[in-house]
Amino acid sequence: MTETTIYDDSDADLSVLEGATVAMIGYGNQGRSQALNLRDSGVEVVVGNRGDEYRERIEDDGFEALSIADAAERGDVICLLIPDEVAPDVFDAEIEPGLEEGNTVYVSHGYNLTYDLLQPPETTDVVLVAPRMGGWAVRELYESGEGFPSVLAVEQDYTGDAKAIALAMAKGIGSTQAGVVEGTADMETKIDLLSEQALLPIMMAAMTTKFEVEVAHGIPPEIVMSELYLSYEMAEIFEEMAERGYLGQLPFHSRTSQYGQLSRFDQFDAEPLREFYEEQLQGIDNGSFAREWSAEQDLDRPGLKRLYKKYRESAFFEAERETMERLDFGAEDGT
Ligand code: NDP
């Protein structure tokens, strides 16, 4: 197994950012939370925005709202927190012209670096701090003082200070409180994409197949659906797993459940799953998924639209919708 370092608060020094301006490009999910956390940590932050109705929100939060180009020019650390699909074009057109020697380009996902879609100048530092959390949790866990784990990577160290800057940013957003794991952008891309392309599809396949089997055996879809994830029981189990570990939370289940889970896990043939993981990892490694996704975006995502349509009309998601309506339970349909 490859070893790594986990950094905490004592490894990071916020004074590295004293006198520096962080330009937050993007004020969405991650951008807003990271900007608020950095400011509360005493870091000077300006926000770059494309000048639409969201500018008001930035100003209401008390930040100076600039054009993306002006923010990039002002910033010493330029945080690229806009959707990964648009980041390379925005970077080339509006950010790179304003970069100065010794600036830091900061990202929270490795995708564009891994696939060379983003190529910051050699005279800049390039760092990644990738929270393993959505933006709302990044803010909430900062405010509660708990912090949240992130992956940290230094991809380019022009100044010799890139690691110190990355650690200071990680501390400023509140991540070193929980622990920051050192890796590379490639590793972060891999774990993220493999969760998206294998782990979650396997989980969805496991649940839709369970649904098909149980419905075929005469169990009403509403009963099946409420056992899956609509009752939040699964969400609670996962929350306990994060708190106590899988085995640590198992005693909260009945003895029948404990024996059922462990004995069948022990018997389960995971070989086909391993093959599926390996296959997806190969597509991530050799760039074939990235090429497929770029081509899909160039055509305005016909494949993604077709898949949404197909699954919206499937028996499983129809049952999900109906059960949610009839139980008056669960959140709205986000699709
Ligand atoms: P969002 O989709 O929430 O970002 C929206 C922001 O990007 C808004 O400020 C929006 O501006 C701006 N934006 C969108 N399109 C453009 C464009 N064409 N030109 C200029 N600005 C644009 O992104 P996330 O916060 O989800 O993701 C940001 C980064 O963080 C990504 O690299 C992502 O992979 C990473 N990340 C995301 C996580 C998550 O949970 N979402 C978790 C960890 C990392 P406007 O307000 O004007 O529309």
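The values are calculated or read from the model by the stated rules, or taken from the named source; none is laboratory data. Predicted model, so just to flag it, every value in this text is computed and none were measured. FYI the Cβ positions are ideal-geometry reconstructions off the backbone, even for glycines, and counts take in every protein chain you see. The accessibility values were calculated without ligands, DNA or RNA, using every heavy atom of the protein model including side chains. Shrake-Rupley method; radii C 1.70, N 1.55, O 1.52, S 1.80 Å.
Just a few scattered comments:
- Set Glu122, Glu146, Glu196, Glu222: member being touching a helix residue (DSSP H, G or I) at 6+ places or on another chain (Cβ under 6 Å) and acidic (Asp, Glu): Glu222
- Against the list (1) surrounded by 12 or more Cβ atoms within 10 Å (Cβ to Cβ); (2) over 26 Å from Ser226 (Cα atoms), the condition Tyr311 fails is (2).
- Residue, least open to solvent (accessible area, probe 1.4 Å), within segment 240-289, restricted to residues that are assigned to a loop (DSSP other than H, G, I, E, B) and within 30 Å of Leu113 (Cβ to Cβ): Gly287
- Top-ranked residue of segment 126-136 - restricted to ones that are more than 13 Å from Leu152 (Cβ to Cβ) and in contact (Cβ under 8 Å) with a residue 40 or more places away in the chain, ranked as nearest to the ligand (Cβ to nearest atom): Gly134
- Test for Glu73: is it more than 8 Å from the ligand (Cβ to nearest atom), in contact with a Pro (Cβ under 9 Å, 6 or more places away or on another chain) and open to solvent by 50 Å² or more (accessible area, probe 1.4 Å): yes
To keep it simple, each residue is scored yes or no on (1) among the aliphatic types (A, V, I, L, M); (2) surrounded by 15 or more Cβ atoms within 10 Å (Cβ to Cβ); (3) more than 8 Å from the ligand (Cβ to nearest atom); (4) part of a loop (DSSP other than H, G, I, E, B).
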{"site": "Asn37", "(1), (2), (3), (4)": "no, yes, yes, no"}
{"site": "Gly42", "(1), (2), (3), (4)": "no, no, yes, yes"}
{"site": "Val45", "(1), (2), (3), (4)": "yes, yes, yes, no"}
{"site": "Glu56", "(1), (2), (3), (4)": "no, no, yes, no"}
{"site": "Glu59", "(1), (2), (3), (4)": "no, no, yes, no"}
{"site": "Gly62", "(1), (2), (3), (4)": "no, no, yes, yes"}
{"site": "Leu66", "(1), (2), (3), (4)": "yes, yes, yes, no"}
{"site": "Ala69", "(1), (2), (3), (4)": "yes, yes, yes, no"}
{"site": "Asp84", "(1), (2), (3), (4)": "no, yes, no, yes"}
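- Scope segment 1-35; condition farther than 21 Å from Leu81 by Cβ, open to solvent by less than 80 Å² (accessible area, probe 1.4 Å) and part of a helix (DSSP H, G or I); matching residues: Asp9, Asp11, Ser15
- First in segment 167-192 and farther than 20 Å from Gln282 by Cβ, second anywhere and charged (D, E, K, R) and surrounded by 18 or more Cβ atoms within 10 Å (Cβ to Cβ), Cβ under 7 Å, 6 or more apart: Lys171/Asp9; Thr176/Asp9; Gln177/Asp9
- Residues that are part of a loop (DSSP other than H, G, I, E, B), over 19 Å from the mean Cα position of the chain (by Cα) and either surrounded by fewer than 19 Cβ atoms within 10 Å (Cβ to Cβ) or of a type in the set (A, V, I, L, M) (or both) within segment 86-135 comprise Leu99, Glu100, Glu101, Gly102, Asp116, Gln119, Pro121, Glu122, Thr123, listed in sequence order.
- Lone qualifier among Glu212, Glu227, Glu222 - being closer than 23 Å to Asp328 by Cα and either open to solvent by 60 Å² or more (accessible area, probe 1.4 Å) or outside any helix (DSSP H, G or I) (or both): Glu227
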